[in-house]
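Novice: Here it is: the structure, laid out below.
The values are calculated or read from the model by the stated rules, or taken from the named source; none is laboratory data. What you are looking at is a predicted structure, and each value in this text was computed from that prediction instead of being measured. Every residue, glycine among them, receives a Cβ derived from its backbone with ideal geometry; neighbour counts consider all protein chains shown. When the accessible area is computed, the model is the full protein with side chains, heavy atoms only, and any ligands, DNA or RNA have been set aside. Shrake-Rupley method; radii C 1.70, N 1.55, O 1.52, S 1.80 Å.
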Amino acid sequence: DQIQLRNSIRIPLLGTIGHSTKETNMLVAEHPKSMVSESFRSLRSALFYIASEKKCKKILVTSSVSGEGKTFVSLNLSAAMA
């Protein structure tokens, strides 16, 4: 739940990415009209907005264990940004 997440952390929530049932990891490229692809484009816009005046721009995608979607997020966010 986004409200619980916002209440428990003190950093801005830029977007949420839903679960995909598609057979591919390259969702933005292969299914550009899906809701998840739109979520990645929305996240891209939020990142561009908050980083517009920053000199150094880097994005880190991380988690504590494997299988949480780091590759999925990295691939699709980079496709949305390209």
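Novice: Which ³J(HN,Hα) values, rounded to whole Hz and listed in residue order, are derived for segment 44-60 from phi using the Karplus coefficients 6.51, -1.76 and 1.60 in 6.51 cos²θ - 1.76 cosθ + 1.60 with θ = phi - 60°, glycine and proline given as x?
Specialist: Once θ is set to phi - 60°, the couplings for segment 44-60 become 4, 4, 5, 5, 4, 5, 6, 9, 4, 9, 7, 7, 9, 10, 9, 10, 10 Hz.
Novice: Out of 55, 22, 33, any idea which swings most in a Gaussian network model of the chain, alpha carbons joined below 10 Å?
Specialist: 55
Novice: So, one more: Can you pull the Rg over Rh of segment 1-45, Cα-only, Kirkwood? Please report the intermediate quantities before stating the final value.
Specialist: Numbers: Rg = 12.6 Å, Rh = 11.8 Å.
Expressed as Rg/Rh, it is 1.07.
Novice: Sticking with this structure for a sec: Give me the distance in nm between label points sitting 7 Å out from Cα along the Cα-to-Cβ direction at residue 82 and residue 63, one decimal.
Specialist: Using points 7 Å along Cα→Cβ, the separation is 2.2 nm.
Novice: Principal axis extents for the chain, Cα atoms only, whole Å, descending order, please.
Specialist: 35, 30, 23
Novice: Keeping every protein chain present and rolling a 1.4 Å probe, give me the accessible area per residue for the chain in Å².
Specialist: Working: 6560 Å² over 82 residues.
Here the per-residue accessible area is 80 Å².
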